[in-house]
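Every read-out reported here was derived from the displayed coordinates using simple, explicitly stated rules and does not represent laboratory data. Since the model is a prediction, treat every value here as computed from it, not as a measurement. With ideal geometry, Cβ positions are generated from the backbone for all residues, glycine too; neighbour counts draw on all protein chains shown.
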């Protein structure tokens, strides 16, 4: 009887320990707040010329908005604007209405999984899902760098409704993409920025097999082209 009681107590302690493990995705705060810009200043006209040459079908006024939002938000989030332009070239070719065969949507081709990850980083489900210091840091940037921002989960419930916002809101697509990229930069932190970006892009793609490595190499090739 005593042995059975000991086993029961041990089982309860084990279950309690498992329940105490955070359920979300955590990265080191000091690495998240680092400046990951390769260059500090970019000329919007260089991005405009590149984007229009790669996809002339995109309306010029939309390309202008994408270029200026990218430069402004990259400075706020401290990610590299030119590399982010290369990422959008890969993901959507600057078409904010793009929908992939897998259902990914918008400039940065978000799925429900990616949107939920960013929502967690912004505090949707509380401190069990993200570092609270990181949540405060990211929300401070959003508060200082965007106008009339509402978190995605406060705008609409359900992915079928949420994904429509990625197809019509340039700023939201860029903000969510930059947050996810910066989380992966922090996760894979290396002092060499290009190596750091390569590993972060592999995670951003997230596909099984070798395609994610081709994806990262291709974005870095686009970066060199701009």
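Structure notes:
- Residue of 205, 161, 93 that the Gaussian network model of the chain assigns the largest fluctuation, springs spanning Cα pairs under 10 Å: 161
- Which of 225, 61 has the fewest Cβ neighbours within 10 Å, and the rest in rising order: 61, 225
- Note on the range 99-220: Cα-only Rg and Dmax are 14.6, 41 Å.
- Gaussian network model of the chain, Cα within-10 Å springs - most flexible of 82, 212, 182: 212
- Projected label points at residue 211 and residue 46, each 7 Å from Cα along the beta carbon direction, are separated by 3.2 nanometres.
- Computed lengthening from residue 157 to residue 55, 0.36 nm per intervening residue step minus Cα-Cα distance: 33.5 nm
- Mean residue ellipticity (222 nm) of the chain, computed from DSSP H runs ≥ 4 via -39,500 (n - 2.57), nearest 500: -20000 deg cm²/dmol
- Potential lengthening between residue 220 and residue 193 on full extension [0.36 nm per residue; Cα-Cα distance subtracted]: 8.6 nm
- Taking label positions 7 Å along the Cα-Cβ direction at both residue 128 and residue 34, the computed distance is 3.1 nm, reported to one decimal.
- Acute angle (nearest 10 degrees) that the helix 2-20 long axis makes with the longest principal axis of the chain, alpha-carbon atoms: 20 degrees
- Cα-based shape type of the range 66-139, given that a ≥ b ≥ c are square roots of the gyration tensor eigenvalues and the cut on a/c is 1.5: oblate
- Pair-distance distribution of the chain: all C-alpha pairs, bin width 5 Å, starting at 0; shares per bin in whole percent are 1, 7, 14, 18, 19, 16, 10, 5, 3, 2, 2, 2, 1, 1, 0, 0.
- Build a GNM of the chain with springs between Cα atoms under 10 Å apart, and of 52, 201, 83 the one that fluctuates most is 52.
- Sorted by Cβ density within 10 Å, fewest first, the residues 178, 88: 178, 88
- Label-to-label distance, nm, for residues given as residue 25 and residue 112 (7 Å Cα→Cβ offset): 1.6 nm
- Value of relative contact order over the chain, rounded to a whole percent, pairs C-alpha under 8 Å and six or more apart: 24 percent
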